[in-house]
1. Once you have a ≥ b ≥ c as the square roots of the Cα gyration tensor eigenvalues for region 187-297, tell me rounded if a/c is under 1.5, and otherwise prolate or oblate according to whether a/b is larger than b/c.
2. Over region 20-160, what is the relative contact order in whole percent, taking alpha-carbon pairs under 8 Å and six or more residues apart?
3. How high is the relative contact order of region 1-102, in percent, with contacts defined as C-alpha pairs under 8 Å that are six or more residues apart?
4. Separation of region 222-248 and region 40-86 by C-alpha centroid, Å?
5. With θ set to phi - 60° and the Karplus curve 6.51 cos²θ - 1.76 cosθ + 1.60, what are the ³J(HN,Hα) couplings of region 120-126 in order, to the nearest whole Hz, using x for Gly and Pro?
6. Once the dipole of the chain is set up with Lys and Arg at +1 and Asp and Glu at -1 on Cβ about the Cα centre, which of W203, L213, A57 lies farthest towards its positive end?
7. Relative to the longest principal axis of the chain, what angle (0 to 90°, nearest 10) does the C-alpha long axis of helix 254-264 take?
8. Normalised by the number of residues in the chain, what is the relative contact order in percent for Cα pairs under 8 Å and 6+ residues apart?
Amino acid sequence: MDPFNFVLVQDDIVEDMESKFGWRILSATPSPKGNGNLCRIMNTDNGPVFVKQFGKARNKKGLAKTREALKYQDALHHAGGLCQPVYSYAGEPILVTKSEEEYMVSGVSKGQHIEAGEANKDQMFSLGRATGFMHAWMRENLPSTQSLQWELPSKEAMHKRLDKNLQETLAADHVRYAQAIEKQSRLLEQLSLDELKASTPGWTHWDMHVDNLMFHEDRLADILDFDRVHYVYPDFDISRALLSCSYSANTIPIDSIKAYVEGYTEYARLSEEQLVRSIKLTWYKEFKWVHAMYSTNKPMSRFIEELIWIGDHWHELQEVFIGACPSVSN
């Protein structure tokens, strides 16, 4: 969006917010973490709020699922979950301006981001506890369903994607990524999808990486960005958080894993078998991103390192998690 249109749209949203909520908007500061949406922190006479304007290109399929997810976020907040409230108007969490721009408004976290791989044990305990609470609350309070909202792609489809990635990565002369893709192809041959399909379906945040987590000192302050909440596999939330927050120097420290498990199991069961399966599940869904085109993108290259680590330790993952769940592994 060019600067001129940005100002016009922001003015449109400010006018709409003032009309619907009765607030006076004092200032607006752009937030860099939009990923296709435009985000701002707006200071109002009622306190600061977070405003996300939904990008049309990013949301071509519509916002029906996002609308429900925002309602779930607000309900989770009021139930004691670590997330910000969503401000609705006439029961609608997605607001529409006169020029048909769609946006949402929530509270602002008082926490801070941390760097990937730098969560300490206390932070991991707090993250595990909040995730266990969230999963237990979702299981009890969100609509029951028998159908997954996302299915594991076939091995044939994944092989086709890997072959394309390999050829393009070789053409870019990125030897390390090419070797990783070749290893992924071999692991894919050996993998039984039945092992992954043994994961228990359930409501899932589905985007629990470090950029969507805010910490205050040694505890989690907020989980952000509930836009992708789906009925899939909660194991995704577990492995994504462990990898993004704890993977460092080519390992995931067992003390961090134990701390996370200790917190999580205050509300839900978690076994070493489940931990291993959750890591493999994330690998299967995400290894398609190992590609030379992302080698200079800091967040993506970090993510790729996590995926390469899984492939390199595929046959030792059980050893990695030995002793992580002593009270529930029997």
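Quick note: the coordinates plus some simple rules give every number you see, no bench work behind them. All figures in this text were calculated on a predicted structure; none of them were measured in a lab. Cβ: placed from backbone, ideal geometry, glycine included. Neighbour counts: every protein chain shown.
1. Numbers: a/c = 1.39, a/b = 1.15, b/c = 1.21.
It comes out rounded by the Cα gyration axes.
2. On the way: 150 pairs, mean separation 23.3, N = 141.
RCO, region 20-160: 17 percent.
3. Numbers: 113 pairs, mean separation 20.9, N = 102.
Value for region 1-102: 21 percent.
4. Centre-to-centre (Cα) distance: 18 Å.
5. 8, 4, 5, 5, 5, 4, 5
6. A57
7. That works out to roughly 50 degrees.
8. Values: 517 pairs, mean separation 62.5, N = 330.
The normalised contact order for the chain reaches 19 percent.
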